[in-house]
1. Before anything else, pin down the relative contact order of the chain: Cα pairs under 8 Å, at least 6 apart, normalised by residue count, whole percent.
2. If you roll a 1.4 angstrom probe over the protein chains with everything in place, what fraction of the accessible area of the chain belongs to carbon and sulfur, to the nearest %?
3. Within 10 Å, count the other beta carbons around each residue, average over each peptide in 77-90, 20-33, 1-14, and list them highest first.
4. If you compute Kirkwood radius over Cα pairs in Å for the structure shown, which of (1) 13.5; (2) 15.6; (3) 14.4 do you land on?
5. Determine the per residue accessible area of the chain with all protein chains present and a 1.4 angstrom probe, expressed in square angstrom.
6. Give me the number: length gained by fully extending SER6 to ALA90, i.e. 0.36 nm times residue separation minus the C-alpha to C-alpha distance, one decimal in nm.
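The values are calculated or read from the model by the stated rules, or taken from the named source; none is laboratory data. Note that the structure is a prediction, hence the values are computed from the model and not measured. Virtual Cβ from ideal backbone geometry, glycine too; neighbours counted across all protein chains shown. What goes into the accessible areas is simple: the full protein's heavy atoms, side chains included, and nothing from ligands, DNA or RNA. Shrake-Rupley method; radii C 1.70, N 1.55, O 1.52, S 1.80 Å.
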Amino acid sequence: MLDIKSYRRETAPEIAPVLGLPPDEPMHCLRSILRKSGEAYAVSTIYFAPAVGSRLQRRHFDDVIVFRVMQRELGIELGDVRMTVGAELANES
């Protein structure tokens, strides 16, 4: 299950240039938690270029695979995906 925490426009100066945007350009950001049998096992933050993010709404994210949502809702087929994985020391929350 994909537990959506937020879907809103945010600035991310370190991410925007990757999408060819100025550092202060707001982008749509999906923040979610992946759950299996009610237990959280992954936290996800995905930034979308404005041309993509503006065409999606929170209610569209009903699939744990966000790329399938993009294909279904926007007709976008992804052939090349780059993923950045990071880790932080876990705390109680």
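1. Working: 127 pairs, mean separation 21.1, N = 93.
Reported as a whole number, the value is 23 percent.
2. Using a 1.4 Å probe with all protein chains present, the chain comes out at 51 percent carbon and sulfur.
3. 20-33, 1-14, 77-90
4. This structure yields the entry labelled (3).
5. Working: 6800 Å² over 93 residues.
For the chain, the solvent-accessible area averages 73 Å² per residue.
6. Numbers: separation 84, 0.36 × 84 = 30.24 nm, distance 2.08 nm.
Length gained between SER6 and ALA90: 28.2 nm.
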